[in-house]
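Working notes for the structure below.
The values are calculated or read from the model by the stated rules, or taken from the named source; none is laboratory data. Note that the structure is predicted; figures quoted are calculated from it, not measured. Neighbour counts are summed over all protein chains in view; Cβ atoms, including those assigned to glycine, are modelled from backbone coordinates with ideal geometry. Heavy atoms of the whole protein, side chains included, go into the accessibility calculation; ligands, DNA and RNA do not. Shrake-Rupley method; radii C 1.70, N 1.55, O 1.52, S 1.80 Å.
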Amino acid sequence: MHSIVLTKGVPDFREGQVSFDEDGHLERGKTPTVMNPNDEHALQAALQTKVRHGGRVSVMSMGPPGYGDVLQEAMESVYADDLYLLSDRELAAADTWATAIALSTGIEKLGLPDLVFAGFKTADGETGHTGPQTCWALDIPMITHVTELSVDSDERRVRARRLVEGDVAEVETVEAPLPACIVVDPEFESDYRTAGEQLALKDLRETTAERAVEYDQHLTTWDHSDLNLDPDYIGLDGSPTIVSSVDPIPKPPAEREATMVDPGDEEAMGELFDEMAAFSGGA
Amino acid sequence: MSDQYEQYEAVVVGAGPGGAAAAAKLADEGIETLVLERGVKAGAKNVSGGLLYAEDSAPYAIDNLYPQIRTEATERPITEYTIQNVAGSTVKEYDLTRLHEHDTRWSDAVLRRKMDSWLAERVHERTRETGGGLLNGIKVNGLLREDGEIVGVTCDEIDPIRAEFIVAADGVNSELARDAGLMNWDEPEQWFQGVKATVEAPNVNDRFDIGPQEGVAHLFSGDLFDGVRGGGFCYTNVDTLSIGAVFHLDSLVESAAEPHELLNALLEHPVCSQWIDDPYREVEYAAKLVPDSKKVAHPDPQSDRLVLVGDAAGQMQAQGPIIKGMNHAVTAGALAGEAFAAAKRRGEPSSAGERYVERLYESGTMAKLRPKRYERLRPIAERERTTEVVDRLLESPIGRFGVRALDATGLLERLYSSPFMSMSIPDTQTPYVTLPTVIAETLGETVSDDTVVDPPSLEQRIGELTYDTDIGNPHIELLDNSVEASGAAVTACPVSASEFGGGCYREETIASNGTTKNVVSLDTQPCIECGTCAVVADTAWEHPSGGRGIEFRQG
Ligand SMILES: Cc1cc2nc3c(=O)[nH]c(=O)nc-3n(C[C@H](O)[C@H](O)[C@H](O)COP(=O)(O)OP(=O)(O)OC[C@H]3O[C@@H](n4cnc5c(N)ncnc54)[C@H](O)[C@@H]3O)c2cc1C
Ligand code: SF4
């Protein structure tokens, strides 16, 4: 059983250090990167498949060379076997469609696996499209909003419980032949109810601890020429999505005007209160 | 239905010394062995004094099974051993090194967190080779039965597991032993409560005048503990001291004594404080129930595929002042493993239980745990009238004269040092309190010490402990909240005290219909899982789920 998990680094919004360039693009280089929190569920689903059925888990991401850290984090949490980073200046600033083309090309270069796992939406783009678009490009069946998963490796089928339209109240169970793409819902919970599974997990934890330290030895980086991709179709030039503007919510460029008011200056203070009254609502 | 359950050749519940020994023996015999331990880290749940003994006469000691243990996981060899008889501020010391060394190949001070987690790694390596392994954070909650026969275990965290052989090495308050109907937790007189402080001592070598491969054990008895039957200890570790006391639970309950205060009385007494660095720094406060093998060691600790080893079977020997639990757990665990391997070789796996029990008797282990001499003398020696007469005699001028005479010839020290005598000591006031007090009064010298030991309050002690609490899912339920049924726990619980609201048990006054009534209430948040209230209160008592509850860092 071979699984590939698609993961993405996202700016660490928590730190409030997000920076944007003049055109409103995220300046990834200046923003600390962490794994997209929702990808954690995709990684856990892949791990569960590996624990239950053995085989190998590869983690693939597209992004700048600094994404190595993200992949290391992925390796630690999912005990991944190998890591692939699609990284190239030409690939920079790609939208989800261009990303999907690049990822699907990478997956095909690696050899179509049994399962492709993707997380539900990324914390930055929030489009939730990369996974589905990659599957579409690979032309394999896709199950979205998956909360539970079981694989029949003999019959080569996957059965999944999914939320209908992402609604927690309505669930259905669907089946698909392998290879298939699974978009994992944040409601997904892996469970290891047998001692055998727990022992397998412990083995993986032990062997991965060493591997994750020298993760770069298990990391393959491909650029557009490795993938035979035409720069015109990828990266910013190949991105059909046009982002009209980005509202940099986390940290607005601080260009406020400040007026110093001496609290002892009654007149100035009076003016200040008058100005503020407009914002106070009510009275 | 249960055919679908996972199956292992052997399942060992608990990774203390008993479980580790059983697992080593089973794995060495090539038996597929699964070990389930409820602590997230092995040792996180365990407390001992602790001197780990390797007896010459025992068929197994821990280093037979884990040869590296002494260099990698114990603290220090104990090379000097005394008992301090205390009366007020006078003390008479006897050297008990001879008793300590009797039948002893070696004896090391240990801290359980360090030792058990080291053992757990070895256990996992060895059992993994057989196709099994050790899992932490899994709590076994009962026995799996099929047509009334025990065939496996059920757990909180994972599905039931079938096994040909089940070793309950789950320590004191073994839920498996209770489920099998082999042990109950009814009688306080069958148990001790051990309470202990691990104390910082960076200058152990200087203070005790010992080298790094030497260690000291001091025992304390006399009038230190308000008449509660029990004894104290102070053992040297690498850079800490283990200071504590072990009390007869019935005596603790009768006196309504507060264990933490009794511990403080020892810590503050100059006979003990002289060994403590100023300022006093406590690393950890801990307590646990200890079975008294003389009364509860099960004569036939097996049923179907289940065997009990160690504390779970009551195999904890209080040989006078010497406490031997870990070593017997090791012996029993290894014998159980050996028995199953032999039974399998003969093609009679179901005979493993009987073979194990045979080995307990043939190896002489049972004779140590339930000494015949004690059983023969007990009806006379423990009669109240006898105690009264002997105590009055001892305290009389004649008794004092006798004590002096015996001491002058060196006989008293020799008697104290006699393994034969120590195995038949009655559980009365006499040996624990009266005799040591009379000895100290008659022969002792005054001790004084400048160190001011100011032990933390109970609240501070609880505050320093690490918990993953069981909010919303308490592991102990109070079945009868009347003061008569459960009031004893308010004082006997080592993390509760009367007039203290931050502990587990408290007495409350409730008013209804114009009358007021005193009742007992329970909050399990500060519980350190010592097991005391399972015996002294009316509860439905279970351990918390895997990984939950207290996490001892020293033990
Ligand atoms: C204060 C004090 C001082 C002592 N001094 C000494 C001494 O100096 N020398 C000495 O030899 N002995 C001493 N003892 C006694 C000694 O600690 C015990 O006899 C010994 O630990 C028994 O070993 P065991 O393997 O049977 O059980 P334990 O060491 O108690 O191990 C039982 C294991 O089972 C696990 N477990 C329990 N229930 C479950 C479950 N349901 N599912 C999964 N796992 C479970 C526990 O977490 C634990 O790891 C002392 C005890 C105390 C409290
Ligand atoms: S609540 Fe019971 S088990 Fe917990 S510490 Fe108190 S007496 Fe011990």
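Backbone N atoms of the stretch B:91-112 closer than 19 Å to the 7 Å Cα→Cβ label point of B:Ile210 belong to residues B:93-112.
When Rg and Dmax are taken over the Cα atoms of the protein assembly as shown, they come to 33.5, 111 Å. Remark: mean inter-chain Cβ contacts per residue of A:188-196 equal 4, using a 10 Å Cβ-Cβ cutoff to other protein chain atoms. Each helix, a run of at least 4 DSSP H residues, gives -39500 (n - 2.57); summed and divided by the residues of the protein assembly as shown, these come to -9000 deg cm²/dmol at 222 nm.
Name the residues of the stretch B:373-395 whose amide N is less than 13 Å from a point 7 angstrom out from the Cα of B:Asp103 along the C-beta direction? Backbone N within reach: B:373-374.
Pairs exceeding 21 Å between alpha-carbon atoms, taken from B:Lys288/B:Lys517; A:Lys202/B:Lys139; B:Lys324/B:Lys344; B:Lys45/B:Lys324: B:Lys288/B:Lys517; B:Lys324/B:Lys344. Buried accessible surface for the B/A chain pair comes to about 1000 Å², total over both chains, computed with a 1.4 Å probe.
Measuring nothing but protein heavy atoms, the accessible surface of the stretch B:258-399 at 1.4 Å probe radius is 52 percent carbon and sulfur.
Within the protein assembly as shown, the cysteines lacking any other cysteine Cβ closer than 4.7 Å to their own Cβ are B:Cys155, B:Cys234, B:Cys272, B:Cys493, B:Cys504, B:Cys527, B:Cys530, B:Cys533.
Per residue, the Cα convex hull of the stretch A:2-233 amounts to 128 Å³. Taking Cα atoms only, the orientation of helix B:384-395 departs from the longest principal axis of chain B by about 40 degrees.
Other residues whose C-beta falls under 13 angstrom from the C-beta of A:Ala46 contribute a net charge of -2, scoring Lys and Arg +1 and Asp and Glu -1. If you plug the beta carbon distance of B:Glu254 and B:Arg145 into 1/(1 + (r/R0)^6) with R0 = 56 Å, you get a FRET efficiency near 0.90. The separation of the stretch A:54-86 from the stretch B:236-289, counted between C-alpha centres, amounts to 53 Å.
Taking every residue in B:17-23 and counting other chain Cβ atoms within 10 Å of its Cβ, the average works out to 0. Rounded to the nearest 20 debye, the dipole size of the stretch A:2-233 about its Cα centre is 600 debye, using +1 on the Cβ of Lys and Arg and -1 on the Cβ of Asp and Glu. Ligands, DNA and RNA aside, B:Arg392 has an accessible area near 150 Å² when probed at 1.4 Å. Roughly what angle does helix B:259-268 make with the longest principal axis of chain B, taking Cα atoms, 0 to 90 degrees, to the nearest 10? With rounding to tens, the tilt is 50 degrees. For chain B, the longest principal axis of the alpha carbon atoms and the long axis of helix B:397-408 meet at an angle near 70°.
Positive-end ranking of B:Ala21, A:Thr134, A:Gly196 along the dipole of the protein assembly as shown, with charges on Cβ about the Cα centre, is headed by B:Ala21. For the stretch A:130-187, GluC sites (Glu not before Pro) meeting the loop criterion (DSSP other than H, G, I, E, B) and having at most 12 other Cβ atoms within 10 Å: A:Glu155, A:Glu170. Surface exposure of the protein assembly as shown, expressed per residue as accessible area with a 1.4 Å probe, stands at 43 Å².
The magnitude of the dipole of the protein assembly as shown, with charges of +1 and -1 set on the Cβ of Lys/Arg and Asp/Glu and taken from the Cα centre, is near 4500 debye. Normalised Debye scattering of the stretch B:85-203 at q = 0.15, 0.21 Å⁻¹ gives log10 I(q)/I(0) of -1.04, -1.35, counting only Cα atoms as equal scatterers and leaving out solvent. In the stretch B:404-555 the Cα-Cα distances spread across 10 Å bins starting at 0 as 9, 25, 21, 22, 16, 5, 1, 0 percent of all pairs. Counted over chain B, the DSSP beta bridges are approximately 75% antiparallel.
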